[in-house]
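Read the structure below first, then the notes.
The values are calculated or read from the model by the stated rules, or taken from the named source; none is laboratory data. This one's a predicted model, so the numbers in the text were calculated from it and none came from an experiment. So basically every Cβ, Gly included, is an ideal-geometry build from the backbone, and we count neighbours across all protein chains shown. The accessibility values were calculated without ligands, DNA or RNA, using every heavy atom of the protein model including side chains. Shrake-Rupley method; radii C 1.70, N 1.55, O 1.52, S 1.80 Å.
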Amino acid sequence: MTVRDLDVRYATGAGVVQAVSGVSFDVLPGETLGIVGESGCGKSTTGRAVIRLDRPTGGTIRFDGERIDQAGPRRMRSLRRDMQMVFQDPVASLNPRRRVKDVVAEGLLIGGVPAAERTARATEVLAQVGLDEQRFANVMPRQLSGGQAQRVAIARALALNPKLLICDEPVSALDVSVQAQTLNLIEDIKAAYELTVVFIAHDLSVVRAVSDDVMVMYLGKMCEFGDADLVYARPAHPYTRGLLDSVPLIDSERGFNGPALDGDIPSPLSPPSGCRFRTRCPRAREQCAVSEPQVREVRKDQYVACHFPLDDADPGTDSAGRPPHRPAAAPDR
Ligand code: ADP
Ligand code: MG
């Protein structure tokens, strides 16, 4: 999938919300792109827009070489089979009046697949997500636990044999004890189906565990994009740095570093001039209010939109002025 200058605006009573502004990225076949950022930064809108569940107001989207941002309803109906989505709230995402076997076969029914084939396929995908058909086929969604419901949602997505899976905070609503199992399941089915995955989460550690590349978003803009190991080991954008510093470090001697991101997120109805992050950025200078930083490559496979990115010589401090708890430069040798 190749996305260029994606723009999504919502007209609301209070004005126009720029939910996503000028976002560009590639997801290579068989790879996982993680999207992270605080709530409201445009992650879900990006995920929905690239498979046309939300209407993009600008930009281009290519999938498998084909431009799909302008594709008509008929073409989209057939493309939808290739592009499936798993949502945060599994129980709410399942039709409460259908039995599990029918929920899973929903897309097949719409696609005109005969009954016997639908049943066989539903049984097969339920087994693949670790749900025994005998026990679960005739159960109603509200009788399922969160983890089981998310397995059903994953089975429903797989039933159509998709190429691309968008996972929007798929484990955020689950008990910690079932989060890891669900992540493992997604990794397993990704390998089995050779899926390309966009994985959205506000939890950085979850994204790191599953992603090849990662995109960090703030107020509808991309701040940083790159190889996940690089971005996590040597963040170049002060916002990425702040997010990493906000993660509780249970295993570290220092313990919890404290919230590194001060202040509130500005309103998306009237984002700050220049760099949108400048009102919370410990490194902001005059230029940041005047001109918007363009995305550029700071290292191989690492891109950043910042006038004053962090580098090895100047890894920055967190907002409390403390030095980084992570080595900004990876200890090479
Ligand atoms: P995230 O998933 O990162 O939390 P979203 O993509 O859901 O963020 O939202 C991005 C911004 O767009 C937020 O300011 C949100 O309030 C706004 N937004 C999302 N959906 C709509 C909508 N249907 N109408 C108006 N504003 C919306
Ligand atoms: Mg969201």
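When the convex hull of the Cα atoms of the chain is projected onto a plane and the area is averaged over all directions, what value comes out in nm²?
Mean orientational projected area (the chain, Cα hull): 18.8 nm².
What are the ³J(HN,Hα) couplings of the range 74-84, residue after residue, when phi is run through the Karplus curve with 6.51, -1.76, 1.60 and θ = phi - 60°? Round to Hz, x for glycine and proline.
For the range 74-84, the Karplus curve yields 5, 4, 4, 4, 7, 5, 4, 4, 7, 10, 10 Hz.
Magnitude of the Cβ-charge dipole of the chain, K/R +1 and D/E -1, about the Cα centre, nearest 20 debye?
So the magnitude is around 1160 debye.
Do you know the relative contact order of the chain, to the nearest whole percent, from alpha carbon pairs under 8 angstrom that are 6+ apart?
Rounded, it is 19 percent for the chain.
Please name which of LEU244, PHE277, CYS167 has its Cα lying farthest along the dipole of the chain towards the positive end, using unit charges on Cβ (Lys, Arg +1; Asp, Glu -1) and the Cα centre as origin.
Ranked along the dipole, the leading option is CYS167.
What's the ranking of 156-169, 64-77, 270-283 by average number of surrounding C-beta atoms within 10 Å, highest first?
Top of the packing list down: 156-169, 270-283, 64-77.
If you roll a 1.4 angstrom probe over the protein chains with everything in place, what fraction of the accessible area of the chain belongs to carbon and sulfur, to the nearest %?
49
Pull up all non-local amide H partners of VAL298: gap of 5 or more, or a different chain, and H-to-H distance under 5 Å with H placed in the peptide plane.
TYR303, VAL304
Work out how far the C-alpha atoms of the range 139-277 reach from end to end along every principal axis, then list the three figures in whole Å, largest first.
Principal extents (largest minus smallest coordinate, Cα): 50, 36, 30 Å.
For the range 176-253, what does the accessible surface come to per residue with a 1.4 Å probe? Please give it in Å².
Each residue of the range 176-253 exposes 37 Å² on average to a 1.4 Å probe.
Probe of 1.4 angstrom, ligands and nucleic acids ignored: what's the accessible area per residue over the range 1-160, in square angstrom?
47
Write down the radius of gyration of the range 48-145 and its Dmax, each obtained from C-alpha positions, in Å.
Rg then Dmax for the range 48-145, in Å: 16.0, 48.
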